[in-house]
Each structure stands twice: as C-alpha cells, then as structure tokens.
1. Which condition number in (1) closer than 25 Å to residue 209 by Cα; (2) within 15 Å of the ligand (Cβ to nearest atom); (3) in contact with a strand residue (DSSP E or B) (Cβ under 8 Å, 6 or more places away or on another chain) is the one that residue 147 fails?
2. Restricting the search to the range 88-109, which residues are over 13 Å from residue 124 (Cα atoms), in contact (Cβ under 8 Å) with a residue 40 or more places away in the chain and among the hydroxyl-bearing types (Ser, Thr, Tyr)?
3. Out of (1) under 26 Å from residue 267 (Cβ atoms); (2) more than 16 Å from the ligand (Cβ to nearest atom), the odd one out for residue 189 is which?
4. Can you tell me how many residues within the range 243-272 are closer than 25 Å to residue 184 by Cα and surrounded by fewer than 24 Cβ atoms within 10 Å (Cβ to Cβ)?
5. Residues in the range 74-88: is at least one assigned to a helix (DSSP H, G or I), among the β-branched types (Val, Ile, Thr) and within 12 Å of the chain's Cα centre (by Cα)?
6. Out of all the residues in the range 164-177, is one or more surrounded by fewer than 16 Cβ atoms within 10 Å (Cβ to Cβ), part of a loop (DSSP other than H, G, I, E, B) and not small (Gly, Ala, Ser)?
7. Restricting attention to the range 262-317, which residues are within 16 Å of the ligand (Cβ to nearest atom), part of a loop (DSSP other than H, G, I, E, B) and hydrophobic (A, V, I, L, M, F, W, C)?
8. Would you confirm whether any residue within the range 59-67 is away from the ligand (no atom under 14 Å from the Cβ) and surrounded by 13 or more Cβ atoms within 10 Å (Cβ to Cβ)?
Amino acid sequence: MATTSRRTTSRAARRPEAVAAAHVPQRPLDLLAAVRDMMLIRLFEQETERQYKRARIGGYCHLAIGQEAATVGAVAALRPEDKLLTSYRSHGFALARGTSPEAVMAELFGRKDGCAAGRGGSMHLLDPARGYLGGWGIVAGQLPIATGVALAAVKRGEKVAVLCELGDGAVNMGAWHEALNLAAIWRLPVVFTVFNNGYGMGTSVEQSSAEPEVYKRAAAFRMPGERVDGQDVEDVYAAADALLSRAREQRQPAVLEVMTYRLRGHSVADAGTAYRTREEVAEWADQRDPIALATAKLLDAGVAQDELDRVAREAQAAVDAAVAFAEASPMPSADTLAEFVYGDPRSGEQFARMAPGAPAGEAAIVAQLQEAS
Ligand SMILES: Cc1ncc(C[n+]2csc(CCOP(=O)(O)OP(=O)(O)O)c2C)c(N)n1
C-alpha cells in the first residue's frame, strides 16, 4: 500500500546569501530608531499574545515575532506619500508606519477607537492617512489591489511607490501572476516584497514551490528580483530603498525576497512545532534574532547599554499605555454597523434595503430618492 510521508525541511539559522547589488541608500538608516521600532513591535506582540490568552482579543491573530527587521527595514524605506499593503501578519507594519500602539491595540480588542474603528481586528489593520491600505486576510488578495493602487497613482501623475508585502505561501496563487504581469506590462511602481519565513502554515517553501528561490520568479515578468537577509535591518532597508526608489522614479516594478523566520506558530492557534523541530526554532532565536543582531551592532558602535535599556523601558511603557487605552475604549455601537461598509456615505440606504421586509423598504427608499431628485 502506498504511504504518504510528510517530508519536513529544516531551515538552517544562518545568514542567507544575498542576491542583490550592493546598495548605498540615499539616506542612511537610523539604527537606534530602527531598534526602538523593533523593540516596540516585539513587546507589543508579546503583550498581544498575553491578551489573546486572556480572551481580550478574538478571531484570528498572527504574530510576526522574529520578523521585526524585515518589517522595520522595509517600512523605513517608504516615503510619507508612498503606499503600503500587506498580508494579515500586520501588527508590526502599522506600528512601523507610525500608527499609534493605542489605535492598534484597540483594534485588536475590537474597540471603537481602533485604527479600523473596531471592524477589522488583527488581520485588517488600516491607516489610510499614513498610506497603510491594509492588512488583508485572503492569501495574495492584496496583490492585485496593490497593482491597482500603483496604476491609480500613475494615472493621477503621483510620484509614489507601492510596497506590497506577501508571504512565501502567496507566490503560488493565481493573483501573484496576474498582479505581477500587469505591473510589468504597464510599468507600475510596485515592489512585491516577499517575506519568506520558510513556511506557509505547516508547509515548507521547498514542499510547495517548484522554484523555492522566490526572487528568481521575477524573471518570468522581466522584473529585477533580489534576495536579502531579513534578519539584518540595515540590509533590508538598503535593498528596499533601492527598489522603491527605482519604482518611484522610473516606474520599475520589482520583487524583493526577504529571508526571515517566525519564531511563533502560524497563528496563536498553532504551537509551531508539528512541522519543524524545537531545535530549529531555538537556533533562530539564539543566533539570528534580529533585535539582538542590531543591538550588538549599536553596542559595537559605542551606544551605551543604559541607552538601550531606556529605549526598551519606553517601549514597554507605550505597550502598557496601549492596553489601558484599549480597555477603556468602548465597543462600537450596533447602530453604527452600516458605517464604513461602502465608500458611499449613503450606505445606510443600502443596508435598509437588506432589512426584513426589504422589498417594501426598497420601494419606499426609491420613491424618496425620486422625490428628492
Ligand atoms: C485564499 C486563501 N487560502 C487559504 C487561506 C488560509 N491561510 C491563511 S494563512 C495561510 C498560509 C500563508 O502562508 P504565507 O503566505 O507563507 O504567509 P505567512 O503566514 O508565513 O506569513 C493560509 C493557507 C487564506 N487565508 N486565503
């Protein structure tokens, strides 16, 4: 009888070979500021895990502990006018882009003062004022939207770049091909930034991808493709800066593969040990923790340990304040349910048509509209 074997592939905790030109960023990265952001994100997500276990947070919840350098390095390369779209593993992106920890935590709690007014939760963070056009829950769902956002920017004559983050699991979806093909044909300013953390849920990249070196897939669309060490915030920043600059100035789309690792399970419901060994996780935590790597560089450069301790204390205070804010924020009231569903402010009418006895309701609304016009 044929048997199936679940092949697991170990992901060694070592610096991957970068496949990128040596980029010299236009503006140097402020490494201390990057460490501050990474610490905030780490502490925020550790608190998120605690609050989830206390049932303050419901629904799906995906932590990106271990991926902070990838997130902070990529976001640091964005200009204020640029746009950002990501997958559901989105807490760090909102925080790195400047959304307040209060607004993010309140969103996780489903509260009125959350950054998506309590409608989105962990997977659907949103901050249009900062160009963060969402965490998206459908794998690869954000890709065609990012292509569309880039097309809209070109049509409006805006010189902006779009950073579209996705997981390695998204590169085998049809939307990947559609979005990259159109971006290439129309020369749209979008950088598809693949956070390759080795696994899509419990399936390794090697098990699921005929070409596991994701950056090479850019060749199918005649785009530049680069791979960078995602645990080194300076490297991620330099590569993202180069590709985003070319997108902004020359409308050159690209693929950036950021090699990283998530130290937690796929979501809070996954212990993350069925498809990888405890040793593998421990090796990444001990040898390739992005915050430890960056703080070691700062200490080497003469930054005092006291200064780093102060940064960590301030980050923890910001997280504590975020929890207090979220607890105090009210739940959205039921009569605002129809708000934010459609861009059209008349969404209330559309909801009314769906109410019990809608046909009559609809007739009345149509009559009112006719009267008003
Ligand atoms: C279209 C679709 N299919 C399946 C799922 C369920 N699902 C959620 S996350 C995920 C794995 C995605 O992995 P990857 O893209 O590598 O991102 P990561 O979770 O590692 O950040 C799957 C299959 C989904 N959300 N959307």
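The values are calculated or read from the model by the stated rules, or taken from the named source; none is laboratory data. Because the structure is a prediction, the values reported are computed rather than measured. Methodologically, a virtual Cβ is constructed for each residue, glycine included, from the backbone with ideal geometry; neighbour enumeration extends over all protein chains shown.
1. (2)
2. Keep residues of the range 88-109 that are over 13 Å from residue 124 (Cα atoms), which gives 95-102.
Checking which are in contact (Cβ under 8 Å) with a residue 40 or more places away in the chain leaves us with 95-96, 100-102.
Result: 100, single match.
3. (1)
4. Filtering the range 243-272 for residues closer than 25 Å to residue 184 by Cα gives 243-259.
In the following step, the residues that additionally are surrounded by fewer than 24 Cβ atoms within 10 Å (Cβ to Cβ) were identified as 245-246, 248-252.
Looking only at that region, the number is 7.
5. Narrowing the range 74-88 to residues assigned to a helix (DSSP H, G or I): 74-76.
Next cut, among the β-branched types (Val, Ile, Thr) only: 75.
The next check asks that each one be within 12 Å of the chain's Cα centre (by Cα); those that pass are 75.
Yes, the range 74-88 has at least one match.
6. No, every residue in the range 164-177 fails to be surrounded by fewer than 16 Cβ atoms within 10 Å (Cβ to Cβ), part of a loop (DSSP other than H, G, I, E, B) and not small (Gly, Ala, Ser).
7. Quick first cut of the range 262-317, residues within 16 Å of the ligand (Cβ to nearest atom) only: 262-276, 280-281, 284, 290.
From the residues that got through so far, the ones that are part of a loop (DSSP other than H, G, I, E, B) too are 262-276.
Answer for the range 262-317, where residues must be within 16 Å of the ligand (Cβ to nearest atom), part of a loop (DSSP other than H, G, I, E, B) and hydrophobic (A, V, I, L, M, F, W, C): 263, 268, 269, 271, 274.
8. If we filter the range 59-67 for residues that are away from the ligand (no atom under 14 Å from the Cβ), which is where we start, we get none.
No, that holds for no residue.
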